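For reference, the structure is listed below as structure tokens.
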Amino acid sequence: MEDQHLYTRALESVENARKAIEEAQGSNNPSEFQQAKQLLEQAHGRVQQMRETDGLSKEQAQMLFHAREHLRHLQETTNAIEATRYE
């Protein structure tokens with residue numbers, strides 16, 4: 001049961017990071033961008049923790065794979081924002 005809760009939180013953290021990055025992309029607020037980066041790191045950690053958990057269903061493992069890919073794209077987005085605005 002605890003694993004299911006952690007799995008749900010991992011996926012939710014990816015969605016929260018996505019929203020924060022989209023908002024930071026639309027604004028020019030450095031603190032908002034920093035918060036989005038922190039949420040992204042938190043999501044990375046949670047997804048990684050779930051990948052190391054035994055007992056995931058095939059569907060859950062596939063969802064985590066997609067979440068990892070989404071995180072990779074979000075990381076690329078934050079890198080681009082950082083390169084164009086804050087360097």
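Relative to the dominant Cα principal axis of the chain, helix 58-85 is inclined by about 10°.
The phi torsions of the range 46-56, fed into the Karplus equation with coefficients 6.51, -1.76 and 1.60 and a -60° offset, translate into couplings of 5, 5, 4, 4, 5, 4, 8, 8, 7, x, 6 Hz, rounded to whole numbers, with Gly and Pro shown as x.
For the chain, relative contact order (Cα pairs under 8 Å, six or more residues apart, normalised by length) works out to 35 percent. Given the choices [x] 1.15; [y] 1.00; [z] 1.04, Rg/Rh (Cα atoms, Kirkwood Rh) derived from the coordinates of this structure is entry [z].
Helix-only arithmetic for the chain: the sum of -39500 (n - 2.57) across DSSP H runs with n ≥ 4, divided by the residue total, places the mean residue ellipticity at 222 nm at -30500 deg cm²/dmol.
Each reported figure results from applying straightforward, stated rules to the coordinates on display, with no laboratory input. All of these numbers come straight from a predicted model, not from anything done at the bench.
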